[in-house]
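What follows draws every value from the coordinates through simple rules; no lab data is involved. None of these values were measured; they are calculated from a predicted model. All Cβ positions, even for glycine, are placed from backbone atoms using ideal geometry, and neighbour counts span all protein chains on display.
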Amino acid sequence: MIRITKNVLRQLNDAAGKLDADTGDVFLGFIGRLEMSDGLYHGDVIYADVGEDPPKDTVSIKTILSPAKSVKPAKSANVTKEI
Amino acid sequence: MAIHTITLGIEGSGVSRSKTIENTQAGVSLIDGEAVATGETDYELAFDLDVSLCKSFYLESDQDVTVETNAIDATGGNTIALRADEPYIWQANSYEAAFLLTEDVTVMYITNASGATATIYCVALFDAVVV
């Protein structure tokens, strides 16, 4: 079970039917539902084995599901350094 | 004039009861069995409703879907996580006075991640004010 935002759901929907470069399987889509308690979609990603005619388009589901990298806060201009 | 008949009841524990509540109004807004495929995000359905005039409301899907009104992020509208085969029913004399739709509706957006095509029914009865 994973929890995703609607924006990630939209990206997963766009990726449906493509070859997942990370797993080598065909990504079929996300199945789940919105939980009002946290405003996220709870569910699972679904794959299928690559048949004899694999999709030409590839995608990285791992990348789509990776949380955005945290941005380091900018250094403050008036940092006091103790000596 | 249009008539809505809402049926409420209970079956079990040796009890079998059923009652109907009838509403008659002039105005009707309707979504009559629109199919929304799985994998659709923000599928637009035409639907108009002045919630202050609404007297009876019924919203049903045969799959789990998200219903957002007025904007794809429900800005200026409302969000309902509608469960499969569990209709949301409200009428002006409901014991639960609060109507889930607090903002007038200009359009509905359906997101379906259920894994199957959802069929959406929505019907609202409202007091059509003639000026």
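Quick look at the values:
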read-out: Some residue of segment B:41-48 being farther than 20 Å from A:D38 by Cβ and among the polar types (S, T, N, Q); value: no
read-out: Yes/no for B:N70 being within 20 Å of B:E40 (Cβ to Cβ), crowded, with 16+ Cβ neighbours inside 10 Å and over 14 Å from the mean Cα position of the chain (by Cα); value: yes
read-out: Flag if B:L45 is of a type outside the set (D, E), closer than 15 Å to B:C122 by Cα and assigned to a strand (DSSP E or B); value: yes
read-out: Any pair with Cβ under 7 angstrom, 6 or more apart, that starts in segment A:1-27 at a residue that is facing chain B (nearest Cβ under 9 Å) and ends at one that is assigned to a helix (DSSP H, G or I); value: A:L12/A:I64
read-out: Pick from segment A:28-46, criterion among the β-branched types (V, I, T) and closer than 15 Å to A:I64 by Cα, ranking: nearest to the other protein chains (Cβ to nearest Cβ); value: A:I46
read-out: Residue satisfying all of: in segment B:73-85; of a type outside the set (D, E, K, R) and under 14 Å from A:Y41 (Cβ atoms); nearest to the other protein chains (Cβ to nearest Cβ) among these; value: B:A81
read-out: For B:D32: the one exception among (1) charged (D, E, K, R); (2) surrounded by 15 or more Cβ atoms within 10 Å (Cβ to Cβ); (3) within 15 Å of the chain's Cα centre (by Cα); value: (2)
read-out: Single residue of segment B:107-131 satisfying the filter (in a strand (DSSP E or B) and within 14 Å of another protein chain (Cβ to nearest Cβ)) that is surrounded by the most Cβ atoms within 10 Å (Cβ to Cβ); value: B:T111
read-out: Residue within segment B:86-93 that is more than 14 Å from chain A (Cβ to nearest Cβ), assigned to a strand (DSSP E or B), hydrophobic (A, V, I, L, M, F, W, C) and at negative phi present; value: yes
